[in-house]
Amino acid sequence: MTEFLIANMAPIMFVSLVLFLLSGFPIAFALAANGLLFGFLGIELGLLQPALLQALPNRLFGIIENDTLLAIPFFTFMGLILERSGMAEDLLDTIGQLFGPIRGGLAYAVVFVGALLAATTGVVAASVISMGLISLPLMLKYQYDKRLATGVIAASGTLAQIIPPSLVLIVLADQLGRSVGDMYKGAFIPGMLLAGLYMAYVFIVSMIRPAAAPALPPEARIFREADGRSGVRSVLVLAALATATGIVTALRYKPGGPLDERLVVAIGAGIALAFCIAVANRVLHLNLLSRMAEKVTFVLIPPLALIFIVLGTIFIGVATPTEGGGMGAFGALVLALAKRRLAMPLLRQAMESTLRLSAFVIFILIGARVFSLTFYAVDGHLWVEHLLTALPGGQLGFLVVVNILFFLLAFFLDFFELAFILIPLVGPVADKLGIDLIWFGVLIGVNMQTSFMHPPFGFALFYLRSVAPRTVKTSDIYWGAVPFVVIQLIMVALIIAFPALVSVDKHAQQDRSVVRELQLGGDRNQERGSETPRELSLPPAGNQGNSASAPSFEFTTPRQ
């Protein structure tokens, strides 16, 4: 029995963790208890040295030293302040009026605002609850299909998972040892494309079943000119001027320079032009813009400016994600103050929620470090590596199996739990197979987004159920989520089939801001059944020469 335990300590430890999780025990304590239990067992069996547990304080201190994780409370606080200051309500009211005259307009508005809230708040709960309170009653009032209405709200809220400044991208970057800024750059196009796929689904439904997504009736359109016109033409002209300004700026600013820097500057120039025209029109009474155009401009520009300040400075390398989060939190306070909605109760609620989420993340990370201390010491990472590298199909086989694993576990585990437990195990294997870890992180991020949408345990579905009227059945919410889960899986397949969708820096080095952990392991050529206690050793200096890139798959037809 002793020899069996020594030879199979890693798989037994992993199965024990699964049983702990299925028992409903809190995840942070389950991880820590599992690590300590098998640590003591390994010492009793002579498999590990007693000095093993003396390394635990160093590993926990590494969490405190990791300034990358500071971005989590900053972005959480920014999102909560913006959500409680009424920005979501203003956006939904205005964009709903803009898209209202077209069939499915309210659903388009929800997706658009969901993407914008994702780029400013990064908090799924805030997005889903805000849109559920504001948009769902309106969509039901105008006879939208219940499943379509609930599905599009829940799915649009989960865009905060993948569109920067997503909290899960920060965690993935930290666990994979890569730059948060690079992870943000890589996720930007897939996030926008996913929002586009949601809109495409709404368009298809509105064409096949027009009654499921009707246009707003004329009496519901409140922004009208004195002559009865909607004023949408003025919006289109202003958008065309801003776009033209952005294009000219992109062509003239540092020709041949970095594309992301030129794009950020171009977007900033277009936003500035639109805002200046709207301000001049209001102050000087020029009557150049319609009521709709002026309202859209003043509602859209503040969040767009905040996105420019936060993500723009990160993309062009002026600020780190932590510094960008600090600027975003300050900018959110300024916007709330400008709207005269900054009050002490709002601040207290935002700070308490931020503290609660940050403590949740840190305690899970502490539990994961305790678990990995023993798991690495018994060569559990090598067991996982041999298990995954032996899969048929090379890179493609590995990606298919890992994505299926994450998709199934997302039925039971939160995305933070998946990131802290599984990413440290599968990330090194992906690196060894030659897969770029930025690309891999974005792929897994899109996959883990489904954890919010899985019936029956998806958090976004619970958030929406808590604010939905009683006329909406729980089954309507669940069935409404299914098509959007399928769309998210299609997005996963698109990223695998077209790796260039994720922007990857071919020469990116390991993120040196991440504190290196003390990994424990003996001679890797040592026999599994050896009775000799394992020695402590520091990990190698890192993958400084790593030239891994996003994988490319070639599909050939066999000759007849």
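One quarter of the surface of the convex hull around the alpha-carbon atoms of segment 34-188 equals 12.5 nm², the direction-averaged projected area.
The separation of segment 229-257 from segment 375-428, counted between C-alpha centres, amounts to 45 Å.
Per residue, segment 456-503 exposes 49 Å² of solvent-accessible protein surface, assessed with a 1.4 angstrom probe and all protein chains in place.
Shape summary of the chain, radius of gyration then Dmax from alpha carbon positions: 25.3, 90 Å.
Our estimate of slack between VAL283 and THR474, defined as 0.36 nm per intervening residue step minus the Cα-Cα distance, is 63.8 nm.
With one equal scatterer per alpha carbon and no solvent term, the Debye-computed log10 I(q)/I(0) for segment 198-319 at 0.17, 0.20 1/Å reads -0.98, -1.09.
Here the peptides 324-334, 482-492 are ranked by packing, the mean other Cβ count within 10 Å, and the order with the highest first is 324-334, 482-492. Rounded to 0.05, the FRET efficiency of the LEU408 and VAL486 pair, given R0 = 22 Å and the Cβ-Cβ distance, is 0.90. A protection proxy built from the mean count of other Cβ atoms within 10 Å ranks the segments 3-12, 289-298, most packed first, as 289-298, 3-12. In straight Cα distance, which lysines are under 25 Å from LYS254, not counting same-chain residues fewer than 8 positions off? The reachable lysines, counting only those whose Cα sits under 25 Å from LYS254, are LYS185, LYS506. Cross-link check: pairs LYS295/LYS339; LYS146/LYS295; LYS141/LYS295 evaluated at a Cα-Cα cut-off of 20 Å; pairs beyond the cut-off: LYS146/LYS295; LYS141/LYS295. Each of SER135, PRO258, VAL171 was scored by the projection of its Cα onto the charge dipole of the chain, and the greatest displacement toward the positive side belongs to SER135; charges sit on the C-beta of Lys, Arg, Asp and Glu. Using the rule -39500 (n - 2.57) for each DSSP H run of four or more residues, divided by the residues of the chain, the 222 nm mean residue ellipticity is -21500 deg cm²/dmol.
Label sites at GLU352 and LEU251, each approximated as a point 7 angstrom past Cα along Cα to Cβ, lie 5.6 nm apart.
Rolling a 1.4 Å probe over the protein heavy atoms leaves SER23 with an accessible area of roughly 80 Å². Each of ARG340 and PHE61 was given a label point 7 Å from its Cα along the Cα-to-Cβ line. The distance between the two points is 5.3 nm. Annotation: average projected area of segment 289-432 is 14.0 square nanometres, based on the convex hull of Cα atoms across all directions.
The values are calculated or read from the model by the stated rules, or taken from the named source; none is laboratory data. Computed from a predicted structure; not experimentally measured. Here Cβ is always computed from backbone atoms with ideal geometry, including for glycine, and neighbour counts include all displayed protein chains. Just the protein is used for accessible areas: all its heavy atoms, side chains included, with ligands, DNA and RNA removed. Shrake-Rupley method; radii C 1.70, N 1.55, O 1.52, S 1.80 Å.
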